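Structure, as structure tokens:
The values are calculated or read from the model by the stated rules, or taken from the named source; none is laboratory data. Since we're looking at a predicted model, the values are computed, not measured. Heads up, the Cβs are rebuilt from the backbone with ideal geometry, glycines too, and the neighbour counts pull from every protein chain shown. Just the protein is used for accessible areas: all its heavy atoms, side chains included, with ligands, DNA and RNA removed. Shrake-Rupley method; radii C 1.70, N 1.55, O 1.52, S 1.80 Å.
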Amino acid sequence: MFRGKMIEKTITATFQVFDNLQELPNSVQTLMQEAFMARDKAYAPYSNFQVGAAILLENGETITGSNQENASYPSGLCAERTAIYYTGAKFPNTKILRIAISAKSLEDVVDEPISPCGGCRQAILEYETKQNAPIEVYFMGETGKIIKANSMADLVPLKFP
Ligand code: THU
């Protein structure tokens, strides 16, 4: 039986890690503060885990979202997708510049960056393809370090399709 020659492929991505909000540009600090405020509007009685997302558009508009849970658990939606789908619905032709995400637990202090789930990565990545330009991603817990990705593609090594 013929066997092709296996090759190995390595995919790398570079992220920036900031110690605290003050290290970020003012406009990004403001966006993260919008994410904090959105986070407080989460409806998360089942997980007690509140996530906020704030999206900045090229026209200066900010769209925010929070996780919205449901007694039928899979019917709930993450903060990031709530925000990105609302953005797509309200501003279908406006370029998305960046998204800031913050997560907080009502049970303990989240002091490590919480990266978006796979489903949200895929959903946001689709809008990079749609607009043919990267979307910067900043994410953190309630406090502590902030991680920046220059593009959602850096968080999705092998995109579908
Ligand atoms: N959650 C988000 O809002 N974003 C994520 O990227 C991962 C998880 C929400 C879903 C659920 O309401 C809660 O966090 C616990 O998983």
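Please find, among Thr10, Thr87, the residue that is open to solvent by less than 70 Å² (accessible area, probe 1.4 Å) and more than 10 Å from the ligand (Cβ to nearest atom).
Matching residue, one of Thr10, Thr87: Thr87.
From the list Arg121, Arg98, the lone residue that is in contact (Cβ under 8 Å) with a residue 60 or more places away in the chain, among the charged types (D, E, K, R) and open to solvent by less than 60 Å² (accessible area, probe 1.4 Å) is Arg98. Scanning the range 50-67 for residues being out of contact with any helix residue (DSSP H, G or I) (no Cβ under 6 Å at 6 or more places or on another chain) and either within 12 Å of the ligand (Cβ to nearest atom) or in contact (Cβ under 8 Å) with a residue 12 or more places away in the chain (or both) gives a total of 4.
Here Ser27 does not qualify as open to solvent by less than 60 Å² (accessible area, probe 1.4 Å) and either away from the ligand (no atom under 16 Å from the Cβ) or modelled with pLDDT of 95 or more (or both).
Among the residues of the range 1-22, just one is part of a helix (DSSP H, G or I) and touching a residue at least 24 places away in the same chain (Cβ under 8 Å), namely Leu21.
In the condition set (1) under 15 Å from Lys104 (Cβ atoms); (2) open to solvent by 20 Å² or more (accessible area, probe 1.4 Å); (3) under 14 Å from the mean Cα position of the chain (by Cα), Tyr43 is compliant with all but (3). Among the residues of the range 46-71, the one identified as small (Gly, Ala, Ser) and open to solvent by 60 Å² or more (accessible area, probe 1.4 Å) is Ala71.
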